[in-house]
Amino acid sequence: MTAIQTRVLDASPSAAKARRFGAWYVAEHRLRVMRSYVSTVVIGAIGTPLLYLIAMGVGLGHLVGSTPIDGVSYLQFVAPALMCSAAVTVASEEFTYPVLSGFKWNPTFIGISSSPITPGQIIDGMVISVIVRAFVTSVIYWVIILFFGAMTVGVSALSVIVATLVGLAFGIPIMTYIATLERDTGQIAMVMRLVLLPLTLFSGTFFPLTSMPVYLQWIGWISPIWHGTQLARVLAYGAQVPGWLIVVHVLFLLALIVPFWWLSRRIAKRRLTA
Amino acid sequence: MSPVGVTLIIVSSPVIVASELVKRYGGVTAVGGISFEVAPGESFGLLGPNGAGKSTTMRMVGAVSTRTSGRLTILGLDPDHDGPEIRAQLGVVPQADNLDEELRVRENLMVYGRYFGLPMSYVRRKADDLLAFAQLQDKAKSKVTDLSGGMKRRLTIARGLMNDPRILLLDEPTTGLDPQARHILWDRLFRLKEQGTTLVLTTHYMDEAEQLCDRLIVVDKGVIMAEGTPASLIREYSTREVLELRFGADRNAEMAESLSGSGDRVEALPDRVLVYTADGEGELARLTEAGIRPLTSLVRRSSLEDVFLRLTGRSLIE
Ligand SMILES: Nc1ncnc2c1ncn2[C@@H]1O[C@H](COP(=O)(O)OP(=O)(O)O)[C@@H](O)[C@H]1O
Ligand SMILES: [Mg+2]
């Protein structure tokens, strides 16, 4: 026979801790879930940069030849962009299926909201966990880039933070959209094909934005990937970008992160407290 | 001055007070003005058919769903302001399981315990205790998706106990379970009741309500139809015994007609005719004498099902 060990828990510290650290508990939960597919995460985080850097450096770089692009080698030009795009891929995974799942398929968010945690904290926890995964992915990318000699130790380390921000700027608005869905009738696949892919291709990732026809360049201007990539290039090899444009890049990223984060919290609250 | 007096006041003040509780979804009134109180240590039930508003009420009491109007205090607190403080003291077993299928059984408990700000070392020990309580020790490392329906319910109950709640809310705890799984679950709930945990549960099974509830409200279409102990409700709204007669599907209605006047009351259901009476055998003998020949007959005691039928003219499970 088993008696439950009953300890009289004073509930007020419990609630106080939840109010203060709730988002971290949610992030802890998410990271534990990620651990169940950790091999995919790690293989992706190491394999992707290796494949891309080899393909770009040896293959495409060879084709482009030794003509400098933006004043540097092709590999140096493309490396910061690849790192940003890896963070974006992470964000596009974590802010789509897990979000709709949490509300609908395996409604863990409903379970969490019967604890002291608030809907807003659930969203915050999702964001924190993506920051962790995107950051780790970017750090691994950076280290591999160093091995390829496409960056040097120093200020370039900060590009890891920029890449993480790009991931958030791309992923948080998508989370906002996904949070409004009742079911997935192809919307997530559509986001991947009609948003992720074109933005990656036309954001100055593989060639400078200015080398595209003017009527396509606007895509870069509305793309967090371009704004972030340019910032990362400044940090990686001192790309020449006027000061005002650097400010625009930073503001653009923040303009996607802050309001959509707030909006996601609102939607989660409306949905979970209905 | 006696300290006992003080204690009594604290102990007897209700842990839940709902007054004219209303919840509307657009034009739909899910809960249309429900009032009730639950005393500490009590086992309180909401009995009603699908769509009665039971889950909606439970979600408001759980300080999750915001009420449209009415007064509601849980443990003396208002859910509109002190949601986290209230939820910190509740255990919740929702109607639909929402265990994390990407985590193992034990991890589900640990992760949930963390939401109450409990230290990892405590949460580990507590998870093991509760796995034992839920008779799931062997399943600690299993995937949630590999558990049977009854095991999932027990795991969800264990999860709801991670914070040693003062009130455990159970929304249809045994719906969809086979009889054996239900009995195992009832046994666990009896233990909690014995330990003094306040239970609030919804059900549309009258036997479950009779087994587990000290007191209950019968709800239909978002309003309370009756309130009392299972015995008092049966006394008030039904007779001691019921005579069930079957004449075949096409003749039940017609026979009910000709039986009117027998017993206290006659109800015609599609598959049988119910004669409410204090003495079932006596009534059957009288009817047989009068030449009434049912295909089958059965005398049984009244149940909450009869109470519900009397109150609403419908069966609990349609
Ligand atoms: N989120 C919701 N939006 C709209 N209507 C709802 C919602 N939740 C419940 N309802 C409606 O409220 C009524 C009561 O539902 P519910 O509380 O689930 O009843 P029960 O648990 O007794 O079966 C039903 O008519 C249901 O359709
Ligand atoms: Mg229900």
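The values are calculated or read from the model by the stated rules, or taken from the named source; none is laboratory data. Everything numeric in this text was worked out from a predicted model, so none of it was measured. Cβ: placed from backbone, ideal geometry, glycine included. Neighbour counts: every protein chain shown. Calculation scope for accessible area: heavy atoms of the full protein, side chains included, ligands and nucleic acids excluded. Shrake-Rupley method; radii C 1.70, N 1.55, O 1.52, S 1.80 Å.
Of the residues making up segment A:161-192, just one is open to solvent by 50 Å² or more (accessible area, probe 1.4 Å), of a type in the set (Ser, Thr, Tyr) and assigned to a helix (DSSP H, G or I), namely A:Tyr177.
Counting only helices (runs of 4 or more DSSP H) wholly contained in segment A:89-160, the ones carrying 2 or more residues that are among the aromatic types (Phe, Trp, Tyr) occupy A:119-147.
Residues checked against (1) open to solvent by 10 Å² or more (accessible area, probe 1.4 Å); (2) outside any strand (DSSP E or B):
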| site | (1), (2) |
| --- | --- |
| B:Ile224 | yes, no |
| B:Thr239 | yes, yes |
| B:Leu243 | no, no |
| B:Leu287 | yes, yes |
| B:Leu316 | no, yes |
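Please work out if B:Gly280 is farther than 23 Å from B:Gly48 by Cβ and surrounded by 15 or more Cβ atoms within 10 Å (Cβ to Cβ). Yes: the conditions hold for B:Gly280. Count of segment B:33-60 residues, restricted to those that are more than 12 Å from ligand 1 (Cβ to nearest atom) and of a type outside the set (Phe, Trp, Tyr), is 10. Within segment B:47-66, can one find any residue that is more than 16 Å from ligand 2 (Cβ to nearest atom) and of a type in the set (D, E, K, R)? No; the residues of segment B:47-66 include none that is more than 16 Å from ligand 2 (Cβ to nearest atom) and of a type in the set (D, E, K, R). Evaluate the following for B:Thr68: is it of a type outside the set (A, V, I, L, M), in contact (Cβ under 8 Å) with a residue 24 or more places away in the chain, away from ligand 1 (no atom under 13 Å from the Cβ) and more than 10 Å from chain A (Cβ to nearest Cβ)? So B:Thr68 fails the test. Selection of helices (runs of 4 or more DSSP H) fully inside segment B:128-222 by the criterion of at least 1 residues being among the β-branched types (Val, Ile, Thr) returns B:149-160, B:179-194.
Here is the figure for segment B:187-223: residues that are over 14 Å from the mean Cα position of the chain (by Cα) and within 13 Å of ligand 1 (Cβ to nearest atom) total 3.
Looking at segment B:166-180, can you tell me whether even one residue there is within 16 Å of ligand 1 (Cβ to nearest atom), on the phi < 0 side of the Ramachandran plot and open to solvent by 40 Å² or more (accessible area, probe 1.4 Å)? Scanning segment B:166-180 turns up at least one residue that is within 16 Å of ligand 1 (Cβ to nearest atom), on the phi < 0 side of the Ramachandran plot and open to solvent by 40 Å² or more (accessible area, probe 1.4 Å). Against the definition (within 13 Å of ligand 1 (Cβ to nearest atom) and surrounded by fewer than 23 Cβ atoms within 10 Å (Cβ to Cβ)), how does B:Ala96 come out, yes or no? Yes: the conditions hold for B:Ala96. Just one of (1) touching a strand residue (DSSP E or B) at 6+ places or on another chain (Cβ under 8 Å); (2) open to solvent by 30 Å² or more (accessible area, probe 1.4 Å) fails for B:Tyr25. It is (1).
The rows are residues; the columns are (1) within 21 Å of the chain's Cα centre (by Cα); (2) farther than 12 Å from A:Arg233 by Cα.
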residue	(1), (2)
A:Leu82	yes, no
A:Ala91	yes, yes
A:Phe95	yes, yes
A:Phe103	yes, yes
A:Ile112	no, yes
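The residues on offer are B:Ala18, B:Ala30, and the sole one that is open to solvent by less than 30 Å² (accessible area, probe 1.4 Å), part of a strand (DSSP E or B) and within 12 Å of ligand 1 (Cβ to nearest atom) is B:Ala30. In segment B:39-46, the count of residues that are part of a loop (DSSP other than H, G, I, E, B), open to solvent by 10 Å² or more (accessible area, probe 1.4 Å) and within 14 Å of ligand 2 (Cβ to nearest atom) is zero.
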